[in-house]
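In what follows, a structure is listed as structure tokens, so that the remarks can point back to it.
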Amino acid sequence: MPNVFRRVHAPVVSAVTLCLSKAGDEVKGEVKLADGRQFSTTGVLPIAQAFGIAVHVANEGGLEIVVIDPQSAWKPSWGTLEG
């Protein structure tokens with residue numbers, strides 16, 4: 001069964017937010033996590049590294065991973081992106 005992720009338009013306080021960006025064919029990711037009222041970020045990373053961090057933090061904290069994808073960079077092989 002594929003993983004299911006939810007598309008959002010802004011970081012979500014109660015989730016790990018994976019922000020995707022694309023330059024040519026290269027997809028990058030940035031992980032944002034709420035720390036009170038502010039969000040901490042990893043900065044832009046290679047997508048495999050960003051995805052790995054997002055999954056690790058979500059698993060450790062029992063949090064959902066949500067995705068901001070304004071450039072339609074999501075690849076179906078990563079799972080289902082709903083919304």
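Can you list residue pairs whose Cβ atoms sit under 6 Å apart, with the first residue in segment 19-30 being within 18 Å of Thr41 (Cβ to Cβ) and the second being among the acidic types (Asp, Glu) and assigned to a strand (DSSP E or B)? Count only pairs 6 or more apart in sequence or on different chains.
Filtered contacts from segment 19-30: Cys19/Glu30.
Working only within segment 42-83, note down all residues that are of a type in the set (Ser, Thr, Tyr), surrounded by fewer than 14 Cβ atoms within 10 Å (Cβ to Cβ) and in contact with a Lys or Arg (Cβ under 9 Å, 6 or more places away or on another chain).
Correct list: Ser72 only.
Based on this model, can you work out whether Leu20 counts as under 19 Å from Glu82 (Cα atoms) and either out of contact with any Ser or Thr (no Cβ under 8 Å at 6 or more places or on another chain) or loosely packed, with under 15 Cβ neighbours inside 10 Å (or both)?
yes
Could you grab me the full set of residues in segment 10-50 that are modelled with pLDDT under 95, of a type outside the set (A, V, I, L, M) and not in a strand (DSSP E or B)?
Pro11, Ser14, Gly24, Asp25, Gly36, Arg37, Thr42, Gly43
The values are calculated or read from the model by the stated rules, or taken from the named source; none is laboratory data. None of the values given here were measured: they were computed from a predicted structure. For neighbour counting, all protein chains shown are included, and Cβ atoms are generated from backbone atoms with ideal geometry for every residue, glycine included.
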